[in-house]
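Please see the structure below; I have some questions.
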Amino acid sequence: MAPIHIDETSGSDATGNGTADQPYQSLGFALFSSNAAAQFLTRRDANGTYEEPTQSSLKKAKKTAEGIEKKKKKQEEIAAREAQEKGEAKEKRERLLEESKKIVLTEDASLPKAVKSKINHLADLRTKRIRVSGWVHRLRDQKGIIFLVVRDGTGFLQTVLSGNVAATYEALTLTLESTVEVVGRLQAVPEGKQAPGGHELIVDYWKVLGAAPGAEDAFTNRLNEKSDPSIQADLRHLVLRGETASSVLRLRAYLLSAFRESYAHYNLLEVTPPCLVQTQVEGGATLFKLDYYGQPAFLTQSSQLYLETVLPSLGDVFCVQESFRAENSHTRRHLSEFTHLEAELAFLTFDELMDHIENIICKTVDILLANPTSAALIKQLNPKFEAPSRPFMKISYVEAIAWLNEHGIHRPDEDADGNVIKDEQGQPKMGPHKVGDDIAEAAERQMTDIIGKPVFLHGFPAELKSFYMKKVPGTNYTESCDLLMPNVGEIVGDWPGRATP
């Protein structure tokens with residue numbers, strides 16, 4: 001019989017097999033894994049020589065082997081018991097399911113007729129019998145009582161199923177995201193308890209309208225809070241069923257409505273420009289091109305030119321339209337498609353333009369905060385949100401360059417060709433900003449976050465802006481501005497004069 005090798009340093013009890021090439025790490029495990037009559041050879045490390053173990057080390061190793069053996073038997077006993085319990089539970093479950101098939105629910109015609117309602121209209125229907133349809137958002141079985149939170153898109157409703165209502169086959173096999181109809185009496189939750197809306201439905205009849213997949217295809221097996229972002233993107237239709245994602249969409253709807261109300265307040269008319277165009281707006285490199293019945297066409301980059309054409313006939317106008325940019329980038333500032341809120345106003349000065357932007361932003365925020373529903377959504381998604389203080393701060397481009405340098409916010413140095421200069425470690429060499437530099441987004445955000453209030457950054461050099469931007473008389477700076485928000489960055493970019501006849 002070949003000797004059993006043990007190397008206390010480089011051996012392994014997990015992957016070793018006792019050969020000289022793959023030794024065990026401990027003598028105790030070697031005794032446990034081998035015939036007690038085998039010959040054992042040990043060494044402290046790879047530089048030593050294999051020798052027979054001493055009697056004291058063998059005695060100690062035997063105790064270790066006995067302990068391992070006891071632990072193994074205990075684990076086997078536990079595994080056998082768990083397997084038995086699992087088998088018994090499975091048999092019990094199968095018997096329960098068979099019995100449940102005998103229970104057939106029928107709606108009691110002697111009860112008051114149920115009022116069909118959406119969840120967000122239930123507050124005035126307490127004590128009445130109601131009927132609600134929706135999706136199973138949460139599901140909990142507690143000692144024969146099933147608690148369902150049903151979602152219908154307008155809100156959430158806690159429902160309670162007990163007795164035969166909770167003992168049907170459909171109840172025992174119900175899965176998340178199944179569609180159901182629930183009927184029962186709506187009552188306020190007991191004091192000290194909580195539920196969405198402050199009430200719950202005591203169900204006397206219900207049925208499954210459409211069962212969602214279970215087992216491996218169950219909702220929670222496909223998507224959960226720890227899912228990789230790529231999976232969340234592929235399963236976006238499921239992500240949108242979550243409370244946060246749906247709240248964002250809901251608040252977005254209120255935001256667009258508030259913007260429209262603000263523009264109407266300031267007498268701007270909404271128009272609906274086309275998405276298919278034959279001219280570029282922002283530059284040919286970012287155009288999505290397509291064939292339009294044999295002619296070249298593009299997805300619009302901006303509705304600016306269309307708004308300018310209707311300005312003389314309709315006066316001040318705005319639009320809420322999708323814009324498209326063919327920029328293959330993964331930053332938050334570059335989106336292939338986005339909702340673009342644009343406006344064109346005639347006959348106003350540069351200062352009047354900035355006042356107008358400030359009025360629209362603040363009016364929109366005031367509308368959102370005055371509405372209890374949208375205000376609650378803001379509180380949910382951004383608990384620390386506060387309405388921007390007025391007046392907004394105004395900083396010229398030249399002042400911003402000086403401010404950044406005074407606060408030690410530098411930019412990467414560049415050579416004559418615009419390439420970033422790197423040091424010996426391969427890191428960008430940083431230097432002060434100078435007039436003529438294009439202030440990077442990171443520097444803008446850092447400045448705005450430190451200031452802590454909305455900032456109009458205005459008066460950019462003409463060479464950094466488009467040719468058609470109006471210059472400040474007697475200078476090489478333009479009448480242009482960006483509105484920067486703390487913790488966000490640029491939210492508005494505009495300039496006057498582009499719609500001037």
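The values are calculated or read from the model by the stated rules, or taken from the named source; none is laboratory data. All of these numbers come straight from a predicted model, not from anything done at the bench. Heads up, the Cβs are rebuilt from the backbone with ideal geometry, glycines too, and the neighbour counts pull from every protein chain shown. Only protein heavy atoms, including side chains, enter the accessible area calculation; ligands, DNA and RNA are left aside. Shrake-Rupley method; radii C 1.70, N 1.55, O 1.52, S 1.80 Å.
Being part of a loop (DSSP other than H, G, I, E, B) and not polar (S, T, N, Q) is the filter; apply it to the range 485-496 and report the residue that is modelled with the highest pLDDT.
Pro486
Being open to solvent by less than 70 Å² (accessible area, probe 1.4 Å), in a strand (DSSP E or B) and without any contact (Cβ under 8 Å) to a residue 60 or more places away in the chain, is that true of even one residue in the range 26-39?
no
For the range 148-171, give me the residue count where each residue is in a strand (DSSP E or B) and open to solvent by less than 50 Å² (accessible area, probe 1.4 Å).
9
Considering only residues of the range 96-141 that are of a type in the set (Val, Ile, Thr) and not in a helix (DSSP H, G or I), which is surrounded by the fewest Cβ atoms within 10 Å (Cβ to Cβ)?
Within the range 96-141, the match that is surrounded by the fewest Cβ atoms within 10 Å (Cβ to Cβ) is Thr106.
Residues that are at pLDDT 85 or above, within 15 Å of Leu201 (Cβ to Cβ) and of a type in the set (Ser, Thr, Tyr): does the range 109-128 have at least one?
Yes, the range 109-128 has at least one match.
Results for (1) among the hydroxyl-bearing types (Ser, Thr, Tyr); (2) out of contact with any strand residue (DSSP E or B) (no Cβ under 6 Å at 6 or more places or on another chain); (3) buried (at least 17 other Cβ atoms within 10 Å of the Cβ), shown as yes or no for each residue.
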residue	(1), (2), (3)
Lys429	no, yes, no
Met447	no, yes, yes
Leu484	no, no, yes
Ile491	no, no, no
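Evaluate the range 451-465: report whether one residue or more is within 15 Å of Met354 (Cα to Cα), at pLDDT below 90 and either touching a helix residue (DSSP H, G or I) at 6+ places or on another chain (Cβ under 6 Å) or open to solvent by 20 Å² or more (accessible area, probe 1.4 Å) (or both).
Looking for residues that are within 15 Å of Met354 (Cα to Cα), at pLDDT below 90 and either touching a helix residue (DSSP H, G or I) at 6+ places or on another chain (Cβ under 6 Å) or open to solvent by 20 Å² or more (accessible area, probe 1.4 Å) (or both), one finds none in the range 451-465, hence no.
List the number of the failed condition for Ile202; all other conditions in (1) in a strand (DSSP E or B); (2) farther than 30 Å from Leu251 by Cα; (3) within 32 Å of the chain's Cα centre (by Cα) hold.
(3)
Quick one: Lys90 ticks every box in (1) within 42 Å of the chain's Cα centre (by Cα); (2) open to solvent by less than 90 Å² (accessible area, probe 1.4 Å); (3) over 19 Å from Leu148 (Cβ atoms); (4) not hydroxyl-bearing (Ser, Thr, Tyr) except a single one, so which number is it?
Going through the list (1) within 42 Å of the chain's Cα centre (by Cα); (2) open to solvent by less than 90 Å² (accessible area, probe 1.4 Å); (3) over 19 Å from Leu148 (Cβ atoms); (4) not hydroxyl-bearing (Ser, Thr, Tyr), Lys90 breaks only (2).
Specify the residue that is farthest from Gln142 (Cα to Cα); the eligible residues are those in the range 172-186 that are of a type outside the set (D, E, K, R), touching a strand residue (DSSP E or B) at 6+ places or on another chain (Cβ under 6 Å) and open to solvent by 30 Å² or more (accessible area, probe 1.4 Å).
Of everything passing the filter in the range 172-186, Thr179 is farthest from Gln142 (Cα to Cα).
Sort out which residues of the range 211-248 are open to solvent by less than 80 Å² (accessible area, probe 1.4 Å), within 21 Å of Lys379 (Cβ to Cβ) and in a helix (DSSP H, G or I), and write them in order of number.
Glu243, Ala245, Ser246, Ser247, Val248
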